[in-house]
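The values are calculated or read from the model by the stated rules, or taken from the named source; none is laboratory data. On a predicted model such as this, the values are computed, not experimentally measured, just so you know. Cβ: placed from backbone, ideal geometry, glycine included. Neighbour counts: every protein chain shown. Surface accessibility is based on the protein's heavy atoms, side chains included, excluding ligands, DNA and RNA. Shrake-Rupley method; radii C 1.70, N 1.55, O 1.52, S 1.80 Å.
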Amino acid sequence: MATRQTLAGAIRVAASLAYGNDTSTESSNKNYGSSRVSQGVGPSITRTAQSTGNITTAPNFYSPFLTPSAFQIPNARREVYLWANWWKNNEPKVSAAINFYANFPFAGWKLECSSTYVKDYFEKMVDKLNFQKWLPEISKVYHLLGDSFVLLSIDCPHCHGSNWDEEKQETCNHDGASWKSISILNPDSVMKTPGMIDQPGMYVYRPSADEMKIVNERQPKEIYDSIPDNVKKMILKGDPIKLNPISIHHFKHGSNPWEDYGTSMVRSLFPVLTYKDKIRQAQFIIAERMVLPVKVVKVGNNERPASQEDIDSVQEELAAIANDPNLTLVTHHAFEFEYIGAGTQIFAVANEFEGINKEIMDGLMLNSALLNGEGPNYASAQVGLLALSQRLDTFRREVARWIEQCIFKPVAEWNGFIVEGDRGQDEIVYPKISFEDLQLRDNTGLLQNLVQANTNGVVSNTTLIEAFGFDPDQEIERLRYEQGANFMNESNFGNNQFSLEFSSGPVSEIGRASCRERV
């Protein structure tokens with residue numbers, strides 16, 4: 001039987017006939033390495049390559065968006081809110097940092113105004129709006145979620161907050177109006193329509209399922225009756241509710257100016273927190289294996305192999321002992337019973353957690369000295385504390401501007417708090433809000449220099465009192481009272497020039513006090 005010639009052999013023969021070369025021994029005289037690639041079906045393909053050649057491969061493509069960890073980190077706005085709240089509730093350092101940013105910047109403030117009447121009016125309004133509660137809440141949502149939508153409700157006797165005067169059939173001017181309350185909207189329900197170049201977008205509110213249920217079922221009746229009719233119609237139609245620009249304000253954290261929504265402070269920590277949580281889960285599994293080790297029972301050996309009957313018998317006996325520990329198990333010598341746990345396989349994570357915790361503190365822009373009093377001394381941490389003070393002052397100035405321009409100034413216009421200026425122009429009178437010092441810096445040297453300057457007559461007493469954090473007006477009033485009390489003690493009462501007697505006996509302390517008041 002003739003041997004079938006392959007295609008490669010036919011080509012070599014044709015080439016030798018054309019060029020007159022003998023190719024029958026070409027492959028055997030050269031040092032070639034061969035590799036075979038087979039698909040499992042059909043003839044195999046043989047490829048040859050020189051063993052002394054260099055093999056190069058194309059570099060791997062990298063994109064931070066296409067890594068396995070990147071697919072696990074959320075990018076949708078509402079999912080980011082959900083993750084941020086979860087880490088705030090489950091990670092101690094994140095929770096402590098958010099509480100710090102919520103309560104520390106707005107520990108105290110005061111109003112400054114040229115008119116005593118206007119100042120008293122706005123102090124009562126601040127107390128009604130409960131700044132003590134809402135300013136920390138604004139800061140908490142601002143840092144945690146990146147978006148804090150603050151809504152002011154108008155208390156107007158003409159439109160009752162609807163912005164439409166039914167009597168005049170026109171847009172209400174809010175004469176004599178004020179603010180009724182402050183609330184923070186759920187950012188999941190607030191949408192911002194895109195703006196155009198220099199035109200800002202509008203904010204709309206999508207009612208939640210509970211709010212739609214109130215309108216559809218008209219229960220509770222008190223809440224249903226308080227909702228304006230036009231708002232009820234939009235809710236029934238499923239249309240978003242347009243928010244009045246004078247009532248809504250958006251505090252946006254961390255994102256670019258052209259972006260509609262902010263970025264959570266915790267968002268940059270998602271990869272680190274996820275990695276830490278995975279290590280914690282591994283430790284949980286090891287801890288569970290230490291508490292509940294695996295029971296391994298060996299029956300028989302090479303000289304005496306165990307039959308299936310032996311294995312079933314031992315299993316029944318062990319189950320009986322588990323139910324009644326007082327039973328005694330008697331078996332042959334080829335029997336082993338042991339517990340296999342994770343005692344020798346504990347994952348050492350002390351150094352790993354130390355680096356992770358440092359990254360968490362860096363992402364939160366805090367140090368251990370502020371959270372728990374640990375870490376470097378004040379001299380080493382002073383630069384970081386000053387930088388933190390400047391960051392908090394920037395946010396406080398933003399909040400102060402919102403309070404003055406969006407809360408105080410409209411109320412002053414609605415109530416006619418206007419005076420004539422030096423050039424005959426109308427000037428709106430409203431107070432300025434001043435936040436207390438954060439006390440993150442050591443002012444000992446500055447105070448000593450101020451005391452020395454006051455002694456030399458360079459700095460006034462008022463400036464010195466303010467530098468110590470006291471109210472100059474209050475201190476002057478107290479000094480007057482103390483001087484008056486000292487004068488009364490050194491006058492006729494102190495010299496015993498006359499005495500007071502009552503028929504019932506010596507003068508009591510209450511009587512002396514009342515006499516001093518009458519004198």
Note to self: Going residue by residue through the stretch 74-95, is there one that turns out to be closer than 20 Å to ILE433 by Cβ and aromatic (Phe, Trp, Tyr)?
What the structure shows: no
Next item on the list: Out of the residues in the stretch 321-354 that are surrounded by 12 or more Cβ atoms within 10 Å (Cβ to Cβ) and in a helix (DSSP H, G or I), state the one that is modelled with the lowest pLDDT.
Entry: ILE321
Note to self: It is to be established whether one or more residues within the stretch 176-185 are under 25 Å from the mean Cα position of the chain (by Cα) and part of a helix (DSSP H, G or I).
What the structure shows: no
Checklist line | Pairs, first touching a residue at least 40 places away in the same chain (Cβ under 8 Å) in the stretch 269-289, second part of a helix (DSSP H, G or I) and open to solvent by 30 Å² or more (accessible area, probe 1.4 Å), C-beta under 6 Å, six or more apart | finding: VAL272/GLU359
Check: Out of all the residues in the stretch 141-164, is one or more among the hydrophobic types (A, V, I, L, M, F, W, C), open to solvent by less than 10 Å² (accessible area, probe 1.4 Å), closer than 21 Å to GLY254 by Cα and touching a strand residue (DSSP E or B) at 6+ places or on another chain (Cβ under 8 Å)?
Finding: yes
Note to self: Could you list, ordered by first residue, the pairs with Cβ atoms under 8 Å in which the first is in the stretch 204-218 and open to solvent by 100 Å² or more (accessible area, probe 1.4 Å) and the second is of a type outside the set (A, V, I, L, M) and assigned to a helix (DSSP H, G or I), at least 6 apart or interchain?
What the structure shows: ARG206/SER189; ARG218/TYR224
Notebook entry, point to check: Just a yes or no: is a residue in the stretch 417-432 within 29 Å of LEU385 (Cβ to Cβ), out of contact with any Pro (no Cβ under 7 Å at 6 or more places or on another chain) and either β-branched (Val, Ile, Thr) or not in a helix (DSSP H, G or I) (or both)?
Noted result: yes
Check: So, of the residues in the stretch 469-491 that are open to solvent by less than 100 Å² (accessible area, probe 1.4 Å) and closer than 25 Å to SER434 by Cβ, which turns out to be nearest to the chain's Cα centre (by Cα)?
Finding: GLY469
Item checked: Residue identified as among the hydroxyl-bearing types (Ser, Thr, Tyr) and touching a strand residue (DSSP E or B) at 6+ places or on another chain (Cβ under 7 Å) among SER434, SER460 -> SER434
Notebook entry, point to check: Looking at PRO59, PRO92, PRO105, which one is in contact (Cβ under 8 Å) with a residue 24 or more places away in the chain and either out of contact with any Phe, Trp or Tyr (no Cβ under 9 Å at 6 or more places or on another chain) or surrounded by 11 or more Cβ atoms within 10 Å (Cβ to Cβ) (or both)?
Noted result: PRO105
Check: When residues of the stretch 416-434 are filtered for being touching a helix residue (DSSP H, G or I) at 6+ places or on another chain (Cβ under 9 Å) and either modelled with pLDDT under 90 or open to solvent by 50 Å² or more (accessible area, probe 1.4 Å) (or both), how many remain?
Finding: 3
Next item on the list: Can you run down the residue pairs with Cβ atoms below 7 Å, 6 or more apart or on separate chains, where the first is in the stretch 315-344 and more than 15 Å from VAL297 (Cβ to Cβ) and the partner is surrounded by 10 or more Cβ atoms within 10 Å (Cβ to Cβ) and at pLDDT 75 or above?
Entry: LEU327/ALA320; LEU327/ILE321; GLY341/MET290; GLY341/PRO293; ALA342/ILE286; ALA342/MET290; GLY343/MET290
Next item on the list: Evaluate the following for GLU167: is it closer than 21 Å to ILE418 by Cβ, open to solvent by 20 Å² or more (accessible area, probe 1.4 Å) and not basic (Lys, Arg)?
Entry: no
